[in-house]
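See structure below.
What follows is calculated from the coordinates using simple rules that are stated; it is not laboratory data. Quantities reported herein were computed from a predicted structural model and do not represent experimental measurements. Neighbour counts run over all protein chains shown; Cβ positions are idealised from the backbone, glycine included.
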Amino acid sequence: MTGLTRRRFLIGSTLGVSALALSGCDRLEQNPEVGGVIRSAEKLTMRAQRLLLGRDALAREFAETDISPAFRVNGTSAPDSEAYAQLAEGNFAHWRLKIDGLVDRPLELSLADLKKLPARTQITRHDCVEGWSAIAKWTGVPLGSLLAASGLKPTARFAVFHCADELEKTLDGSGQYYESIDLIDAFHPQTILAYRMNDQDLSVGHGAPLRLRVERQLGYKQAKYIMRIAIVDSFAALWGGNGGFWEDRGYEWYAGI
Amino acid sequence: MNQETPPLRSTPPQSAPRGTTVFIRRHSVVTRLSHWLNVLCLSFLLMSGLQIFNAYPQLHWGQYGMDSDPAFLTVGAGESHGAPHGFVRIGSVSVPTTGVLGLSKVEGEWAPQAFPTWLTFPSYQDLAAGRNWHFFFAWVFVINGLIYLGYGVLSGHFHRDLAVKRHEIAPRHFWREIVDHARLRFPAGEDARHYNVLQKLAYIGVFAGLLPLMILTGLTLSPGIDAAFPVLLDLFGGRQSARSLHFITASLLVVFVIVHVAMVILSGPWNNLRSMVTGRYAIRKKESDA
């Protein structure tokens, strides 16, 4: 009998402690100091990955036969601004990519200009932060070559991508999509501004006319509908100050895992 | 690390009278600390992992996989005869799981979610938070495991306490232990000083098998690590295969924990708990041992 009551007590107390722990857990996550400690792991992850990756380790490139039949359109499926609609209607003939900020020669390039530049084609895997993956073929201009042409100032540290889509409707415009990467990723050979996907012009769903491919990071870094690339030394003054739309909503800036 | 009292050797020098209880030092302080740190890490890793799984509750094999691609496991919600229901589909077999998996109540309302709020961390849906906690505890878990590995090798703990002896895997002995376990007859007296062979194999299987598999399949989910070590993709057959194996291995760890806790309870919960907290483990001396 004592064994039975003891067991009951054990099971009962275990359940009690678990229930207590469960209700306390959410409060733990909402505590800013605890959150700060938990989030510090991102820096460790980034340092460790940079150490292992070096500057130029390439993401795996696949064969044509590996291209996946489906590729989910995620985030914005079509920016709903009047300005974007007009650009799309004109087949993006009037669209211009601006590169400015901490550069010696700000650039303004049309889609035709970009297509004349040396291009890179790669078949790579796209990993969404949610967990799914799709493989597609991308063609575009290496970002590094454009940045080199614009001449970076010595204080340049990040490339910020300003996009045409507003993923969340807000009064102050903070729902506008933007992303940022540092210069190591910006000059990585597989980091391209893609205008073609699977041998066709980039569709509106996948970010027409131009999207970023930064192959060693997750899907939300692959900014779509790029309008402007600003070279900065800090993104602290931009919207939430965390360097991207999803970063301002709690996701890691370094999305290598 | 070994200058204190080594584990699994008796500390009390006094001679034990017949039929009485003696205490031995069973677990070293490193083993005890790493054990409880593991409990903490694995609890958070499991619950934050289920939070992450909920963001995309399907499993695939291969390099890619999403939505309409063939999935071997789906946890979802649908409607039948106008009523919402939850299900788990494995291959072509669908099992109704309303209330727990696929569809469960959140503050009294039915909500489609693969794992229910009481199994995920945070309880509410928050992928960003789930990821942050998962990776924080993944680091703690890996560092803890490396310290234990170093200690286990250098102190002789692995060799002394976990290495399987030749006579233990002799079919006769092995069968004997299986039968004893099935009858819930656990080693007593002098035999209780050492791990039995099934225990050893279970611990070795977890520490040298499941846990490294967990870490490697987890790392394969990282596009960064895949660029550094593309061999991982070949080893596991692609990122989506690695994600599935990560889930399956986690499930096996849950099975291990259930069996482990059951064994702890069946073979003397207080004595086992005491030995993992203070290190002291009681052995009832049989008259024949004296």
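Would you pull out the residues with amide H under 5 Å of A:SER180's amide H, same chain only if 5 or more places away, H placed 1.01 Å from N?
When sequence neighbours closer than 5 places are left aside, the close amide H contacts are A:PHE161.
Is the shape of the range A:60-249 best called rounded, prolate or oblate, per the rule: a/c under 1.5 gives rounded, else a/b larger than b/c gives prolate, else oblate, with a ≥ b ≥ c the square roots of the Cα gyration tensor eigenvalues?
Rounded is the answer for the range A:60-249, as its axis ratio a/c remains below 1.5.
So what J values fall out for the range B:65-79 if you push phi through Karplus, 6.51 cos²θ - 1.76 cosθ + 1.60 with θ = phi - 60°, rounded to Hz, Gly and Pro as x?
For the range B:65-79, the Karplus curve yields x, 6, 6, 7, 5, x, 10, 8, 9, 10, 10, x, 10, x, 10 Hz.
Ignore the peptide's own chain and count Cβ atoms of other chains within 10 Å of each Cβ in B:64-71; give me the average, rounded.
6
Provide a whole-number value for the mean count of partner chain Cβ atoms within 10 Å of the Cβ atoms in peptide A:38-45.
That works out to 5 on average.
Stick to Cα atoms and the Kirkwood definition of Rh, then tell me Rg/Rh for chain B.
That ratio equals 1.04.
Tell me which residues come under 5 Å, amide H to amide H, from A:ILE135 once H is placed; ignore anything under 5 positions away on its chain.
Amide H neighbours of A:ILE135, under 5 Å, 5+ apart: A:SER68, A:HIS126.
To the nearest whole number, what is the average tally of beta carbon atoms from other chains within 10 Å of the beta carbons of peptide B:235-244?
2
Running a GNM on chain B with Cα contacts under 10 Å, which residue among B:ALA208, B:ALA228, B:ALA129 ends up with the highest mean-square fluctuation?
Among B:ALA208, B:ALA228, B:ALA129, the largest mean-square fluctuation in the Gaussian network model of chain B belongs to B:ALA228.
Per-residue HN-Hα couplings for the range A:242-257, Karplus 6.51 cos²θ - 1.76 cosθ + 1.60 at θ = phi - 60°, whole Hz, x for Gly and Pro?
Per residue, the Karplus-derived 3J(HN,Hα) values read 9, x, x, 4, 6, 4, 5, 10, x, 7, 5, 6, 8, 9, x, 9 Hz.
Explain nothing, just compute: Karplus ³J(HN,Hα) = 6.51 cos²θ - 1.76 cosθ + 1.60, θ = phi - 60°, for every residue of the range B:178-186 in order, whole Hz, x for Gly and Pro.
For the range B:178-186, the Karplus curve yields 5, 5, 4, 5, 4, 8, 6, 9, 9 Hz.
Sorted from fewest to most neighbouring beta carbons within 10 Å, what does the list B:LEU219, A:LEU52 look like?
The fewest-first ordering by Cβ neighbours comes to A:LEU52, B:LEU219.
Once you've got the Cα coordinates, tell me which of A:LYS115/A:LYS137; B:LYS165/B:LYS200; A:LYS98/A:LYS169 are over 18 Å apart.
Violating the 18 Å limit, Cα to Cα: A:LYS98/A:LYS169.
Of the trypsin sites (Lys or Arg not before Pro) in the range B:202-290, which ones lie in a loop per DSSP and count no more than 10 other C-beta atoms within 10 Å?
The qualifying sites: there are none.
Fewest to most neighbouring Cβ within 10 Å: what's the order for A:GLU179, B:GLU79?
Final ranking by Cβ density, sparse to dense: B:GLU79, A:GLU179.
Of A:LEU202, B:LEU73, how do they rank once you tally other Cβ atoms within 10 Å and put the fewest first?
Placing the least packed residue first, the sequence is B:LEU73, A:LEU202.
If I build a Gaussian network model for chain A, linking alpha-carbon pairs within less than 10 angstrom, which residue out of A:ASN31, A:ASN74, A:ASN198 has the largest mean-square fluctuation?
Looking only at A:ASN31, A:ASN74, A:ASN198, the biggest GNM fluctuation is shown by A:ASN31.
Going by a ≥ b ≥ c, the root eigenvalues of the Cα gyration tensor, does the range B:66-113 fall in the rounded group (a/c under 1.5), the prolate group (a/b larger than b/c) or the oblate group?
Prolate is the answer for the range B:66-113, as a/c is 1.5 or above and a/b outweighs b/c.
For the protein assembly as shown, just say rounded, prolate or oblate: build the C-alpha gyration tensor, square-root its eigenvalues into a ≥ b ≥ c, call rounded for a/c under 1.5, and beyond that prolate if a/b exceeds b/c, oblate if not.
It comes out prolate by the Cα gyration axes.
Ranking request for peptides A:125-131, B:253-259: highest mean number of other beta-carbon atoms within 10 Å first, then the rest in descending order.
The densest-packed peptide leads the list: A:125-131, B:253-259.
For B:ARG280, which sequence-distant residues (separation of 5 or more, or a different chain) have an amide H within less than 5 Å of its own amide H, given hydrogens modelled in the peptide plane?
B:ARG26
Which order do the peptides A:242-248, B:107-113 take when ranked by the mean count of other beta-carbon atoms within 10 Å per residue, highest first?
Going from most to least packed, we get A:242-248, B:107-113.
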